[in-house]
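Q: Have a look at this one.
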Amino acid sequence: MSGTLRYGMIGGGLGSFIGPVHRMAAELDGMARLVCGAFSSDPERSYASGKALGLTPGRVYPDPHSMIEVERDLPKEERMDFVVIVTPNHLHYEAARLALEHGFDVVCDKPMTLTLAEAEDLREIVKRTGRLFALTHTYTGYPMVKKARELVRSGRLGRLRKVMVTYLQGWLSSYPEGKGQKQALWRTDPRYAGLTSTMGDIGTHAENLISYVTGLEIREISAQLNTLVPRRKMDDDGSVILRYEGDVAGAILVSQVATGEENNVTLRIYGEHGGLEWNQMEPNTLIVRWENKPMEIHRTGTSAGSLGGGHDPGNRLPAGHPEGFIEAFANIYKQFEQALLDRKENRPPPPQGYDFPTVDDGVRGMRFLEKVVESSRSEKKWLQY
């Protein structure tokens, strides 16, 4: 690698769950290193986080605005190349807008914003500034999800009939926000989470997974959001029935009160000639079932698991060496960082392009959430999308 990118982080300080995940993913392939940050809305906590991460004190900032303005004015060979935003949802838009308009590329955690209007505005800013924007929909980074995409888009399954994702967790089955649990507090508070809690937290992943693999557009929607734990302010469970283009039937079932479940994400797609199944808790396996021949099992790192057309399958180790969540997360960073390095060194993009979720995925995700909430509140069985 001819050069290492430098990045700054907004949020993700001491006590954060997703901050360390982003740092591991961003640096896994040796293409980027953390050089600065505004890690908390509490300046003292931000400074303590920077110290714990071994940063130079002068590159740890009390707030995002200070960080972006100071970094912009540093010499080109010192300042950060891109910004990673890992705050609660309500802070995404302003931090991203500020970074983009000051000339920095952005990686943002999902969902992208609080509202569709904010998401559409960010898309316009990305277009106007010409900056790169990546959204961390992690599950699209798994090699076997990429294999599923290739199988579907090649037409081998035939005309699609049904697509579905179930995403089940159990961590909100009790009432952890009542005990002051940080992650539960902000994720179940509409001031910080936005329109929806569980559907925004994991339902957006489910919608993005279907979109990434199939490329289908939603035409109609029928949704129900549920709050099943007493005293909770927001939804903790939801069901969405979808009609995609071409009369493809769709379903998204999500819950964070599925007692005993860990992080059970399952994708199923059925066509005229066959169907496939992938589960995030056994991510190196893709099951393909055919109408008139034996079932196939595709495995990461094998010839059957490889991709055609020069596309990177995303695995780093030989077959039989398990890779998981961090590696999938890192695949998004790897593609984003490669795009930055290519631009920085005046190299043309690869013929197949770059494979990471963009601001357009963020807009689509926010449109999905607004339609889910609208449908759940409506008396109509179906809403036009």
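Computed from the coordinates by the stated procedures, all read-outs in this text should not be read as laboratory data. Bear in mind that the values here come from a model prediction, so they are computed numbers and not experimental data. Cβ: placed from backbone, ideal geometry, glycine included. Neighbour counts: every protein chain shown.
Q: What per residue convex hull volume, in Å³, comes out for the range 51-134 when only alpha-carbon positions are used?
A: Enclosed volume per residue, from the Cα hull, is 99 Å³.
Q: Another question, if that's okay. Between Arg33 and Gln352, what is the FRET efficiency for a Förster distance of 35 Å, r being their Cβ-Cβ separation, to the nearest 0.05?
A: Details: r = 27 Å, r/R0 = 0.78.
Computed FRET efficiency for Arg33 and Gln352: 0.80.
Q: Can I ask one more? Where is the GNM fluctuation largest for the chain (alpha-carbon springs, 10 angstrom cutoff): Leu135, Leu185, Leu253?
A: Largest GNM mean-square fluctuation: Leu185.
Q: Place a point 7 Å from Cα of Lys233 in the direction of its Cβ. Which residues in the range 196-212 have their backbone N less than 16 Å from it?
A: What the label zone holds, given the 16 Å backbone N cut-off, is 196-201.
Q: Using a Förster distance of 30 Å, how high is the FRET efficiency between Asp342 and Thr285, based on the Cβ-Cβ distance and rounded to 0.05?
A: Calculated transfer efficiency: 0.40.
Q: In this model, which of Lys179/Lys233; Lys162/Lys371; Lys146/Lys334 are farther than 18 Å apart at the alpha-carbon?
A: Working: Lys179/Lys233 15 Å; Lys162/Lys371 20 Å; Lys146/Lys334 15 Å.
Too far apart for the 18 Å limit: Lys162/Lys371.
Q: With a cut-off of at most 16 other beta carbons within 10 Å, and DSSP calling the residue loop, which trypsin sites (Lys or Arg not before Pro) in the range 41-80 qualify? Please list them.
A: Working: sites: Arg45, Lys51, Arg59, Arg72, Lys76, Arg79; in loops: Lys76, Arg79.
Passing sites in the range 41-80 are Lys76.
Q: Using Cα pairs closer than 8 Å and at least 6 residues apart in sequence, work out the relative contact order for the chain, in percent.
A: Value for the chain: 19 percent.
Q: Same structure again: Going by average Cβ density within 10 Å per residue, which order do the peptides 327-339, 348-360 take, highest to lowest?
A: Descending packing order for the listed peptides: 327-339, 348-360.
Q: Mind listing P(r) for the chain? All alpha-carbon pairs, 20 Å bins, whole percents.
A: Binned Cα distances yield the sequence 28, 59, 14, 0.
Q: Report the extension gain between Lys51 and Arg191 in nm, rounded to one decimal, defined as 0.36 nm multiplied by the number of residues separating them, less their alpha carbon distance.
A: On the way: separation 140, 0.36 × 140 = 50.40 nm, distance 3.01 nm.
This chain segment gains 47.4 nm when fully extended.
Q: How far apart, in nanometres, would the label points at Lys293 and Ile326 be if each is projected 7 angstrom from Cα along the Cα-to-Cβ direction?
A: About 3.9 nm separates the two model spin labels.
Q: While we're here: Towards the positive end of the charge dipole of the chain, with charges on Cβ (+1 Lys, Arg; -1 Asp, Glu), say which of Asn263, Thr302, Val372 has the farthest Cα.
A: Checked the options; the winner is Thr302.
Q: Now for a separate question. On average, how much area does the Cα convex hull of the range 288-355 cover when viewed from any direction, in nm²?
A: 6.1
Q: Multiplying the sequence separation of Ser303 and Arg159 by 0.36 nm and subtracting their Cα-Cα distance, what value in nm do you get? Intermediate values should be presented prior to the final figure.
A: Numbers: separation 144, 0.36 × 144 = 51.84 nm, distance 2.57 nm.
Gain on stretching Ser303 to Arg159: 49.3 nm.
Q: Report relative contact order for the range 5-131 in percent, whole number only (criteria: Cα-Cα under 8 Å, sequence separation at least 6).
A: Dividing the mean separation by the residue count of the range 5-131 yields 23 percent.
Q: With the cut-off at 19 Å, report for the range 146-205 the share of all Cα pairs above it, as a whole percent.
A: When every Cα pair of the range 146-205 is considered, 50 percent fall beyond 19 Å.
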